[in-house]
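Take a look at the structure set out below.
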Amino acid sequence: MGLPRLLAGIDPSGAPTRHSDHERIHGPMPRHAPADLIGIVERSGLRGRGGADFPTARKLGAVAQARDRHRAVVVNGSETEPASDKDRLLLSRLPHLVLDGAVLAADVVGAREVIVKVAERMAGATQALEGAVAVRDDPVSVQLVGAPGGYVTGEESAVIHYLNGGQPKPTFVPPRPYQRGYRRRPTFISNAETLAQLALIARHGDRWFRELGTDADPGSALVTISGAVAAPGVYELAFGTPMGELLAAAGGATEPLRALLVGGYFGTWVEASQALGLRLAREDLRSVGCSLGSGVLIALGESSCGLHESARVIDYLARESAGQCGPCVHGLRAIADLVGELADGVAHPREAEHVRRWTAEIRGRGACHHPDGAARFVESALSVFADELVSHQQRGCVGRPPSLPVGNGAATAAGGWR
């Protein structure tokens, strides 16, 4: 299948790939006229891997065509999704591939400065990036900036606001970063995986990129697979891969599955029997109301309680509100409290209708998409685990205590990569 691509040459010892080894594996940095590289990226079909799924070439073009000629590139290395570990893996183990993509993006948009924003908890990534920057001779300035964690701090407007001296909280848009971002300059901001993919496309071309995947979803993606699987970790898989093969790549399920959470905590629960008939493809995922999002797949075994796991996550998301918008602050808290009561069997199952009404009311009513993602997650939980609403009230919960990661812990801290 032509894999691995992104993960080619990763050091099994856990050490960052050295610059000499990086160039031996991937070759030297290519040179393209900016318009030519935008055309290559456009023909490749590369889309953002941070969750928004926006065409990368269109984003590059918007900054390159900005009137203000003082521009910037920002690498968003926040990875605030607790269940994801892919960007941390790239930044800590393959920093030169990400930096190549950032420098190429800077050349395309005419930027003289690259800012790499990394969560303070990612000490290993920061050390790897510092070492990588020190041995490179890039034509642009590369600056590393540590930042506090928190679920909403990785939203692109929050990243820009923090880099400009503000709190790491989302701001109302427009203007968007490509219009006015870092130091009020037109800014190309992208996550680590997207930039790593850009570095490979610049070297090998759009046709090479499309040798994997499908016509609509070309290339490969990094997916963090965890939960009831034998070998949780970060895996590189081609788009179009059947969901069962994704689980097989992670060693297979360790018990019969109840459901899969696709896309992380802004994602969607899908019944296991339905999910296993899907492919890693936008068309398939959209048919059941979900998307790959931040590249997360969590397998929920039958011994786990989907309601309590969901209550734990929505309580976390409520606590992670930026505290700026009433519908998010008060609405998410009310939703989380009632979902917790439903999970504990305290509330009557019919009160789930209150939750559904509240989730509809908070959608689209924040400075960012935090309430929208949380609402999508909760609605899917009430649908997939509807039978547990009644059983919990009548007989209580018989599942294991909830274990999905919340806070700064990575879902695959003990896992690997493939």
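If I ask for residues that are open to solvent by 10 Å² or more (accessible area, probe 1.4 Å) and of a type outside the set (D, E, K, R), which ones from region 317-327 would you list? Across region 317-327, the qualifying residues are Ala318, Ser321, Ala322, Gly323, Gln324, Cys325, Gly326, Pro327. Restricted to region 115-138, and to residues there that are in contact with a helix residue (DSSP H, G or I) (Cβ under 6 Å, 6 or more places away or on another chain) and open to solvent by 20 Å² or more (accessible area, probe 1.4 Å), the residue that is modelled with the lowest pLDDT is Gly124. Being at pLDDT 95 or above, under 30 Å from Glu320 (Cα atoms) and outside any loop (DSSP other than H, G, I, E, B) is a condition met by no residue of region 25-34. Number of residues in region 286-305 that are over 17 Å from the mean Cα position of the chain (by Cα), part of a loop (DSSP other than H, G, I, E, B) and in contact (Cβ under 8 Å) with a residue 24 or more places away in the chain equals 4.
Might you let me know whether region 264-284 holds any residue that is at pLDDT 95 or above, out of contact with any helix residue (DSSP H, G or I) (no Cβ under 9 Å at 6 or more places or on another chain), closer than 18 Å to Val406 by Cα and not in a loop (DSSP other than H, G, I, E, B)? No: zero hits. Among the conditions (1) modelled with pLDDT under 95; (2) buried (at least 24 other Cβ atoms within 10 Å of the Cβ), the only one that Arg176 does not satisfy is (2).
With aliphatic (A, V, I, L, M), assigned to a strand (DSSP E or B) and crowded, with 22+ Cβ neighbours inside 10 Å as the only criterion, which of Val73, Val63, Val41 stands out? Only one candidate passes the filter, namely Val73. Pairs meeting the criteria (first residue in region 317-342 and under 18 Å from Glu353 (Cα atoms), second residue assigned to a helix (DSSP H, G or I) and open to solvent by 20 Å² or more (accessible area, probe 1.4 Å), beta carbons under 6 Å, at least 6 apart or on different chains) are Gly331/Trp358; Ile335/Trp358; Ala336/Asp315.
Within region 311-333, can you find the residues that are modelled with pLDDT of 95 or more and touching a Lys or Arg at 6+ places or on another chain (Cβ under 7 Å)? Selection gives Ala318 alone. Number of residues in region 273-315 that are open to solvent by 10 Å² or more (accessible area, probe 1.4 Å) and at positive phi equals 2. Here Ala231 fulfils each of the conditions (1) touching a strand residue (DSSP E or B) at 6+ places or on another chain (Cβ under 8 Å); (2) in a loop (DSSP other than H, G, I, E, B); (3) surrounded by 18 or more Cβ atoms within 10 Å (Cβ to Cβ); (4) among the small types (Gly, Ala, Ser) apart from (3).
Restrict the check to region 397-404 and report whether at least one residue is closer than 28 Å to Ala253 by Cα, hydroxyl-bearing (Ser, Thr, Tyr) and at pLDDT below 95. Yes: region 397-404 contains one or more residues that are closer than 28 Å to Ala253 by Cα, hydroxyl-bearing (Ser, Thr, Tyr) and at pLDDT below 95. Taking the conditions exactly as written (under 28 Å from Phe172 (Cα atoms), open to solvent by less than 10 Å² (accessible area, probe 1.4 Å), at pLDDT 95 or above and small (Gly, Ala, Ser)), does Ala336 satisfy them or not? It is true that Ala336 is under 28 Å from Phe172 (Cα atoms), open to solvent by less than 10 Å² (accessible area, probe 1.4 Å), at pLDDT 95 or above and small (Gly, Ala, Ser).
From the set of residues in region 139-166 that are modelled with pLDDT of 95 or more, assigned to a loop (DSSP other than H, G, I, E, B) and open to solvent by 40 Å² or more (accessible area, probe 1.4 Å), which is farthest from His96 (Cα to Cα)? So, considering only residues that are modelled with pLDDT of 95 or more, assigned to a loop (DSSP other than H, G, I, E, B) and open to solvent by 40 Å² or more (accessible area, probe 1.4 Å), the one farthest from His96 (Cα to Cα) is Gly165.
In region 353-408, the qualifying residues are those that are of a type in the set (Phe, Trp, Tyr) and assigned to a helix (DSSP H, G or I), and the one that is surrounded by the fewest Cβ atoms within 10 Å (Cβ to Cβ) is Trp358. Can Leu247 be described as buried (at least 19 other Cβ atoms within 10 Å of the Cβ), in a helix (DSSP H, G or I) and in contact (Cβ under 8 Å) with a residue 12 or more places away in the chain? The answer is yes for Leu247.
So which residues in region 186-216 are in a loop (DSSP other than H, G, I, E, B), surrounded by fewer than 22 Cβ atoms within 10 Å (Cβ to Cβ) and in contact (Cβ under 8 Å) with a residue 40 or more places away in the chain? Quick ask: steps written out before the conclusion?
Residues of region 186-216 in a loop (DSSP other than H, G, I, E, B): 186, 205, 210-212, 214-216.
From what is left, the residues that are surrounded by fewer than 22 Cβ atoms within 10 Å (Cβ to Cβ) are 205, 210-212, 214-216.
Selection gives Gly205, Arg210, Glu211, Leu212, Thr214, Ala216.
The values are calculated or read from the model by the stated rules, or taken from the named source; none is laboratory data. All of these numbers come straight from a predicted model, not from anything done at the bench. Positions of Cβ are generated from backbone atoms using ideal geometry, with glycine treated the same way; all protein chains shown enter the neighbour counts. Only protein heavy atoms, including side chains, enter the accessible area calculation; ligands, DNA and RNA are left aside. Shrake-Rupley method; radii C 1.70, N 1.55, O 1.52, S 1.80 Å.
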